[in-house]
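Taking it in order: structure first as structure tokens, then the write-up.
The values are calculated or read from the model by the stated rules, or taken from the named source; none is laboratory data. Computed from a predicted model, the values in this text were never measured in an experiment. Don't worry about glycine lacking a Cβ; one is built from the backbone with ideal geometry, like all the others, and counts go over all protein chains shown.
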């Protein structure tokens, strides 16, 4: 049976137009009506599970699902069941097709890839995060909320990065080229590193070690380290620290945990070290970050 679509949403429903895009982190509920919109939407399921009613389909969704929803496609997310313990949390990034035209002019070498997402009649897309998208969406959300100088440039760079990676995944161009690695060590390596990245993001509070992840990947520590840096741009220790700080930022915004409780929840028992690391990564203290995000939410 065809579902009825209750409303058309425009970008003015979300934002007064100070930036060409809008980013939020939302707990889906049963109050939002199924809708279409006049913008393109990128969505990442970051926590929980539920159902995504989109077009004529009903899809079970969970952490790691990425959607590209074109103009005019009807959809709505629903959590698996009512209640705070059954939440479905998603990140959304929305923008008009005119924004993509701007990006095509700014990045001519990627214009064909970007044009792909605004072609008339383009169907909606669903992918699984191969590793990286959660961090990009979290950074998008933090940058959008903070509105620091250079905000639009950082947001634009992140959106372009995500769209290019989505296009590569869809077209099969995500694999490393023959020039970047020999045939003997890279054929199984990308899935192994992708799995390690997902494991770190899912279990960042655990006492993870390079040796453990290398064993899980079926690689030597030296080979794993080399491939991990090549794929993520940073070594294991830096990636783990970044992931833990990102998780701490989420908890500071979405929970009432104390600072020591947040530190413990992301894997740090040394509170002084956690404070130093958090300030080095974000430029502010955990308490300062929580207060700044609260002020931003009140202002919106």
Among the residues of region 4-11, is there at least one that is at pLDDT below 90, surrounded by 14 or more Cβ atoms within 10 Å (Cβ to Cβ) and within 28 Å of residue 146 (Cα to Cα)? yes
Residue check: is residue 145 assigned to a loop (DSSP other than H, G, I, E, B) and either in contact with a strand residue (DSSP E or B) (Cβ under 6 Å, 6 or more places away or on another chain) or within 23 Å of residue 255 (Cα to Cα) (or both)? no
Give me the pairs: first residue in region 131-156 and without any contact (Cβ under 8 Å) to a residue 60 or more places away in the chain and assigned by TED's automatic domain parsing to the domain that holds residue 228, second residue surrounded by fewer than 20 Cβ atoms within 10 Å (Cβ to Cβ) and assigned to a loop (DSSP other than H, G, I, E, B), beta-carbon distance under 8 Å, and six or more apart or on different chains, which are they? none
Residue check, residue 260 loosely packed, with under 14 Cβ neighbours inside 10 Å and part of a loop (DSSP other than H, G, I, E, B): no
Between 215, 210, which is more than 27 Å from residue 48 (Cα to Cα), surrounded by fewer than 20 Cβ atoms within 10 Å (Cβ to Cβ) and modelled with pLDDT under 90? 215
Being more than 17 Å from residue 128 (Cα to Cα) and touching a helix residue (DSSP H, G or I) at 6+ places or on another chain (Cβ under 6 Å) is the filter here; which residues of region 31-90 pass it? 39, 79, 80
Of the residues in region 138-161, those that are under 20 Å from residue 117 (Cα atoms) and in contact with a helix residue (DSSP H, G or I) (Cβ under 8 Å, 6 or more places away or on another chain) come to 140, 155, 156, 158, 159, 160, 161
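Out of region 91-115, which residues are outside any helix (DSSP H, G or I), closer than 20 Å to residue 132 by Cα and touching a helix residue (DSSP H, G or I) at 6+ places or on another chain (Cβ under 7 Å)?
91, 93, 94
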Condition first: more than 12 Å from residue 22 (Cα to Cα) and either at pLDDT below 90 or in contact with a strand residue (DSSP E or B) (Cβ under 7 Å, 6 or more places away or on another chain) (or both). Now tell me which residues in region 150-166 satisfy that. 162, 166
Here the residues within region 96-128 that are touching a residue at least 60 places away in the same chain (Cβ under 8 Å) and either over 23 Å from the mean Cα position of the chain (by Cα) or outside the structural domain of residue 159 (by TED's automatic domain parsing) (or both) are none
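Go through 74, 46 for me and flag whichever is in contact (Cβ under 8 Å) with a residue 60 or more places away in the chain, crowded, with 17+ Cβ neighbours inside 10 Å and farther than 24 Å from residue 99 by Cα.
46
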